[in-house]
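Q: Here you go, one structure.
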Amino acid sequence: MKYREIYKSWIESDYFDEATKKELIDIESNEEEIEDRFYKDLEFGTAGLRGKIGAGTNRMNRYIIARASQGLADYINDVENKSADKSVAIAYDCRHFSEEFARTAASVLAANNIKAYIFDSLRPTPELSFAVRVLGCTAGIVVTASHNPKEYNGFKVYWKDGAQILSDIADGILNKINQINDFKAIPSMEIQSGTEEGLIVFLERDIDDLYLQKVKSLSLSEDIDKDINVVYTPLNGTGMVFVPRVLNERGFTNIYIVKEQKDPDPDFTTVGYPNPEDVNAFKLSIDLGKKVNAGLLMATDPDCDRIAIMVRDENNEYVAFNGNQSGAILVKYILEGMRNKNILPPNGVIVKSIVTGDLGKVIAKSYGVHTDEALTGFKNICGKINEYEAVGSYQYILGYEESIGYNVGTFVRDKDGVTASMLLCEATAYYKKRGKTLIDVLNEIYEEFGYYREKQISLVLEGISGQQRIKRMMEGYRREYPHSIENLKLIETIDYTKPEETNMPYSDVLKFKFNDGSWYAVRPSGTEPKIKIYIYSKGHTLKDAKDKINMIKEVVLGKINSIE
């Protein structure tokens, strides 16, 4: 059917509720809006579903959630042993309709004779990954849109290893979803009935305690100055559930919470865009930090899988660390701590994404630790753990990517802002006892290994036309790109749409390496209407590295923008 026909069928059907119909009737004269809501189904991929909340096939609503849940149920029942117990763990964040969507998923799964374990209130994403593994679930669901604006929500799917689904499973689930043409045919079980029948189980606090026990087991040093002042903001999300608790239990008592951002707020009233990568998200933290003389500011995104920090400098101003810099600090602190405790494995490995800088790699090499690369996303980074365990090659220590995601240990198979918050606090306290701030440590790293700088540029192109232009930009740049930039000569081009050359799964990413160690990459975002450019330079001095960044940026951005 064409989008107008589908729009009309939603209004006329007795299946959809009155609020949904009213929302659609109210846009009757807005043809562009109707088309955007109904010209396609919201895409299901390795990141599950993510989109704007609202009525329509290209929006997040309980009907689309029900269909996705039924697709997941059909896939599970298809691939799993018929006699095996099947179960799915479900968590959700603070966003609009998150709890409703989570309960919708539980109701559909229960109606398909699949046990649904659902948390009784909002929880961080990493705990869901942990719960899938501990409970021996077939799969997991997190209802979240991570750091997207308030208008968005999402439905992330995990498999039995606790990692987000890879493309083969995503394709299998999508195939099942596409076979569901009638919303009315999707079964659902009332929450109360499901609970009485043992098909819906609300998870209690023992999972929380087990998770935090594992987090604290990663602690590396007691020879630290715990009397540090730290400001933390959960940005009105799930981080408040665990971050203050784990820091207190580790002995950090001077933790100051930004009170305006402490409680759940689906509108993110005080911040607008709840992305810790954006320095604007730290505005209230900076104000509080100056009042309480804090050396470290930390912010987690709404589902607490990502974390960013700011560190006070010698002028009492706060300096933002990007994901590469925080990652370098964590690599150094963790490997140094493991060596000090004589637990650094001889076959240790860290894993970074293909668009993450090389600073962590050179630090790891100095500790005799190998670095492996994976496609973007922790489904790929943590997916390496299964490979290592299967052949007994490497012992996984940590994984990270430039977009402020970090994973340590193997009990969680996704980004973990709770664990990272503890280790970043610990690193701050460890180096403070040795008379250093994290800025000092970072400068020492640069002096030892070279000056690495990085810049990420995102071009936002929304709607149908934006999606089409992003595709043209990638196609155009793949055909024609600069072979030199000033004195930088291109020595290698990597096209990740060619698995036979990269030994990695297909991914729409282009990477260009220069003769001095600098490089850049271009890719469309997997979750947002953006094309992303990652620029990395290596210089003899900080100025040299910065100049190279600007030089590459000017040429690459000019070329990309010229593609209409």
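Bear in mind these aren't lab numbers, they're just calculated from the coordinates by the rules spelled out. Keep in mind that what you see is a predicted model, and the values were worked out from it rather than measured. Neighbour counts are summed over all protein chains in view; Cβ atoms, including those assigned to glycine, are modelled from backbone coordinates with ideal geometry.
Q: Just how large is the dipole of the chain about the Cα centre, in debye to the nearest 20, putting +1 at every Lys and Arg Cβ and -1 at every Asp and Glu Cβ?
A: Values: 71 positive and 85 negative charges, 244 e Å.
Dipole about the Cα centre, nearest 20: 1180 debye.
Q: Hey, fewest Cβ within 10 Å first, where do LYS384, LYS436 land in order?
A: In order of increasing Cβ crowding within 10 Å: LYS436, LYS384.
Q: Give the calculated FRET efficiency between GLU196 and GLU554 to the nearest 0.05, with a Förster radius of 56 Å applied to their Cβ-Cβ distance.
A: Numbers: r = 65 Å, r/R0 = 1.16.
Step by step, r from the Cβ atoms, then E = 0.30.
Q: So, one more: Pick out, in residue order, every one of the GluC sites (Glu not before Pro) in the stretch 448-495 that is DSSP loop and has at most 16 other C-beta atoms within 10 Å; say none if there are none.
A: Details: sites: GLU448, GLU454, GLU462, GLU475, GLU480, GLU486, GLU492; in loops: GLU462, GLU480, GLU486.
Passing sites in the stretch 448-495 are GLU462, GLU480, GLU486.
Q: Oh, and also: How would you rank 146-158, 23-35, highest first, on the average number of other Cβ atoms within 10 Å across their residues?
A: Descending mean neighbour count gives 146-158, 23-35.
Q: Turning to a different aspect of this structure: If we count other beta carbons within 10 Å of each Cβ, what is the order of HIS96, HIS540, fewest first?
A: Working: HIS96 16, HIS540 10.
Starting with the residue having the fewest Cβ neighbours, the order is HIS540, HIS96.
Q: Which label belongs to the value computed from this structure, given these candidates for semi-axes √(5λ) of the Cα gyration tensor in Å: [x] 38, 29, 23; [y] 54, 29, 25; [z] 59, 30, 19?
A: Read-out taken from this structure: [x].
Q: Arrange the following residues from fewest to most other Cβ atoms within 10 Å of their Cβ: SER188, SER9. Write down the numbers at each step before the final one.
A: Working: SER188 17, SER9 13.
If I rank by nearby Cβ atoms, fewest first, I get SER9, SER188.
Q: Find how many whole Å separate the alpha carbon centroid of the stretch 469-493 from the alpha carbon centroid of the stretch 537-564.
A: Cα centres, the stretch 537-564 to the stretch 469-493: 13 Å.
Q: Counting other Cβ atoms within 10 Å, keep those with at most 10, restrict to DSSP loop, and tell me which chymotrypsin sites (Phe, Trp or Tyr not before Pro) in the stretch 401-456 are left.
A: On the way: sites: TYR406, PHE411, TYR430, TYR431, TYR446, PHE449, TYR451, TYR452; in loops: PHE411.
Counting only loop positions with at most 10 other Cβ atoms within 10 Å, none of the chymotrypsin sites (Phe, Trp or Tyr not before Pro) in the stretch 401-456 qualifies.
Q: Given 0.36 nm per residue, what is the gain on full extension from HIS483 to ALA390 after removing their alpha carbon distance, in nm?
A: Numbers: separation 93, 0.36 × 93 = 33.48 nm, distance 4.08 nm.
Separation in residues times 0.36 nm, less the Cα-Cα distance, equals 29.4 nm.
Q: What are the DSSP H helices in the chain that stretch 27 Å or more along their long axis, judged by alpha-carbon atoms, and whose average Kyte-Doolittle hydropathy comes to at least -0.5? Mind showing how you got there, number by number?
A: Details: long enough: 542-561 (28 Å, -0.21).
Membrane-span-like by this rule: 542-561.
Q: Which percentage, to the nearest 5, of the DSSP beta bridges contained in the chain is antiparallel? Intermediate results must be reported in sequence, preceding the final value.
A: Details: 51 of 82 bridges.
Restricted to the chain, the bridges split so that about 60 percent are antiparallel.
Q: Right, here's the next one. Taking 0.36 nm per residue of sequence separation and subtracting the Cα-Cα distance, how much length would be gained by fully extending the chain between GLU501 and ASN561, in nm to one decimal? Don't skip to the end; give the middle numbers.
A: Values: separation 60, 0.36 × 60 = 21.60 nm, distance 2.83 nm.
Contour length minus the Cα-Cα distance gives 18.8 nm.
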